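Here is the structure we will look at.
The values are calculated or read from the model by the stated rules, or taken from the named source; none is laboratory data. Just so it is clear, the structure is predicted and the values come from calculations on it, not from any experiment. So basically every Cβ, Gly included, is an ideal-geometry build from the backbone, and we count neighbours across all protein chains shown. Please note that ligands, DNA and RNA were not included when accessible areas were found on the heavy atoms of the full protein model with its side chains. Shrake-Rupley method; radii C 1.70, N 1.55, O 1.52, S 1.80 Å.
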Amino acid sequence: MSLIRKTAAELGAMIAGGEVSAVEVAEAHLDRMAEVEPKVQAFLHVDRETTLDQARAVDARLRAGEKLGPLAGVPVAHKDIFVTRDMPTTAGSKILEGWRPPYDATVTARLRAAGLVILGKTNLDEFAMGSSTENSAFGATHNPWDLTRVPGGSSGGSSAAVAAYEAPLSTGTDTGGSIRQPASVTGIVGMKPTYGGSSRYGLIAFASSLDTPGPFARNVLDAALLQEAFSGYDPMDSTSVDQPVPAVVEAARNPDVAGMRIGVVKEFAGEGYQPGVLARYNEAIQLLESLGAKVVEISCPAFRTALPAYYLIAPSECSSNLARFDAMRYGLRVGDDGTRSAEEVMALTRAAGFGPEVKRRVMLGTYALSSGYYDAYYGQAQKVRTVISREFEAAYEQVDVLVSPTTPTTAFPIGERADDPMAMYLADLCTIPSNLAGNAAISVPCGLADEDNLPVGLQIMAPVLADDRCYRVGAAVEKALEGRWGGPLLAKAPEL
Amino acid sequence: MSAITRDEVAHLARLSRLALTNDELDHYATQLDAIIEAVAKVSEVAAVDVPPSSHALPLTNVFRADEVRQCLTPEQALSGAPAVEDDRFRVPRILGEEA
């Protein structure tokens, strides 16, 4: 089997055992990228020499006997929202085009310390605002299952890169579903860790109370290994949780749900859901029952209001966070002809540098925070957030995990929702509650929808700092389904 | 009745420091109207006595130790600046003509 089809765990073991070098593994992936990037367009920045330099350095560290982690030498595609010293960082925005950050994000630094080799920076919706990656200022990414469809978003470059075998692993960020939804529609695994479990330092901020870095992989164990490699307490992030990383790798190696109590969220099914998505979802519930889990229905009525609450809270935080793009200290500056004031230059720069979705959200957030509207919108949304957290807490008194479809439909065609913001927002319907409550949640593949033969994801949600439960249940579903399919779901994807 | 008028959108654009064209203002007025109507559903949750949550963690006022530590050099801090003069960020005039 060629190197690009191996799992990250296999590659790590082969490199550690001296069977193959990190340089050879990097070259195999760079060659694959050269072959399929014209079709997929997952990456915004690739620099073969920088990547090979990293691989050579890892090989030298291993030869010198340095003890590195299980992913040493394994390539990773890095979402272009994490700052990187040696590569440009754009967040998918014209306002940062060509910017070279003077420091590394904590996630970036930890990838390097663990010996992972960064293949390049992946495409995303501008500042992670979107569900299709069409909001990137640098063009759309294409879903490897069907190149006319979106790879999800906002981390769509990262999901497409892994699904197209350009990388065994990638990083993402999840603010309202931006890891889980793209994983779901590309047939791979994507995890949103507990909020505060992975560092936001050097992650270009969208909505600070929600943004959470997390892993993508082609299987549950690889995702756990990557989460373990870059997670954990970081004093540089004031909302970092000073607790050990949950035992995610051990859980991924123990696919056992016998005796577990699994809650089916009643509100997340029915009208608005694609029949093929519901069919695979219901089969996954039956599967869990057949594996010895106790399945009960759980009602969380306020989850229906999670989407409107999110579209007040996230834009409010974004309108404040994006004020830093002021044309003064870094990034684009437009119209500075010596006659215009700083304020005029700022307004011209932001109008030229931000795309339509970012402008919409900045204005929406400014509106929700305005005096006279604050209590009715932002204030009420924060109260709804409390109600949703309480419903989760009540649910977790009865069950160990909750399940739902990850997203109501399979991958939609590029362009279909591009100018209909409300239709686009519905993609995050089932993923948002876990962001508002800060809980852990994962998406694992659970089959193909009958209508279009495109991947469907099962979402598994767990309480704060119980990330290991997501992996345990996810691994059990994966093992049973791969047994039925005779291999991973991704093996059914057409050749590129 | 619309939730937001075109004039209000123009005001929001000014507050947001976005120099929008008239066409853009028309376009965003229509879209923001639909979005605001949808997000107004938050009022359907009875939450009068519920405390608001700004984030999900039981953390308040996290401070680091007040110790000198390594930071960016002036060269690094200025490396992405649109304009630099004498080791400083050079900016357009910040005072009005009459000042």
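Points worth noting:
- Residues along the range B:8-30 losing 50 Å² or more of accessible surface when the other protein chains are present rather than the chain by itself (probe 1.4 Å): B:Leu12, B:Ser16, B:Arg17, B:Leu18, B:Ala19, B:Tyr28
- Averaged over the residues of A:421-431, the number of partner chain Cβ atoms lying within 10 Å of the residue Cβ comes to 1.
- When peptides A:480-488, A:362-370, A:430-438 are sorted by average Cβ neighbour count within 10 Å, with the highest value leading, the order is A:430-438, A:362-370, A:480-488.
- In summary, the range A:149-204 shows an alpha-carbon radius of gyration equal to 1.08 times the 2.2 N^0.38 Å reference for compact globular proteins.
- Taking both sides together, the accessible area buried where B meets A is about 4800 Å² for a 1.4 Å probe.
- Here the peptides A:291-304, A:145-158, A:466-479 are ranked by packing, the mean other Cβ count within 10 Å, and the order with the highest first is A:145-158, A:466-479, A:291-304.
- Per residue value of the accessible surface for the protein assembly as shown (all protein chains in place, 1.4 Å probe), Å²: 38
- Partner shielding of A:84-93 amounts to 0, given as the average count of beta-carbon atoms from other chains within 10 Å of each residue beta-carbon.
- Long-range tail of P(r) for the range A:397-478 (Cα pairs > 18 Å, %): 49
- The range A:219-367, accessible surface, carbon-and-sulfur percent (1.4 angstrom probe): 50
- With semi-axes defined as the square roots of five times the eigenvalues of the C-alpha gyration tensor, the equivalent ellipsoid of the range A:320-451 measures 37, 22, 13 Å, largest first.
- Centre-to-centre, using Cα atoms only, the range A:269-287 and the range A:432-486 are separated by 13 Å.
- Set of lysines near A:Lys266 by C-alpha distance (under 25 Å), chain-local residues within fewer than 8 positions excluded: A:Lys192, A:Lys294, A:Lys383, B:Lys41
- Quotient of C-alpha Rg and 2.2 N^0.38 Å, computed over the range A:221-315: 1.43
- Among A:26-32, B:58-64, the order from most to least packed when residues are scored by Cβ within 10 Å on average: A:26-32, B:58-64
- A cut-off of 5 Å between modelled amide H atoms, ignoring neighbours fewer than 5 places along the same chain, links A:Ile262 with A:Lys294, A:Val295, A:Val296, A:Asp400.
- Straight-line reach from A:Lys94: taking Cα to Cα under 27 Å and skipping same-chain neighbours fewer than 8 places apart, the lysines in range are A:Lys39, A:Lys79, A:Lys121, A:Lys359.
- The convex hull built on the alpha-carbon positions of the protein assembly as shown has an orientation-averaged projected area of 27.9 nm².
- Translational D in µm²/s for chain B (Stokes-Einstein at 4 °C, 1.567 mPa s, Kirkwood Rh from C-alpha pairs): 66
- Between amide H atoms placed 1.01 Å from N, distances below 5 Å from A:Glu267 occur with A:Cys300, all of them 5 or more places distant or on a separate chain.
- Separation between Cα centres of the range B:1-74 and the range A:23-80, rounded to whole Å: 39
- Residues of the range A:173-219 that bury at least 10 Å² of accessible area once all protein chains are present, compared with their chain alone (1.4 Å probe, heavy atoms only, ligands and nucleic acids left out), are A:Tyr195, A:Ser209.
- Other protein chain C-beta atoms within 10 Å of residue C-beta, averaged over A:297-305: 2.
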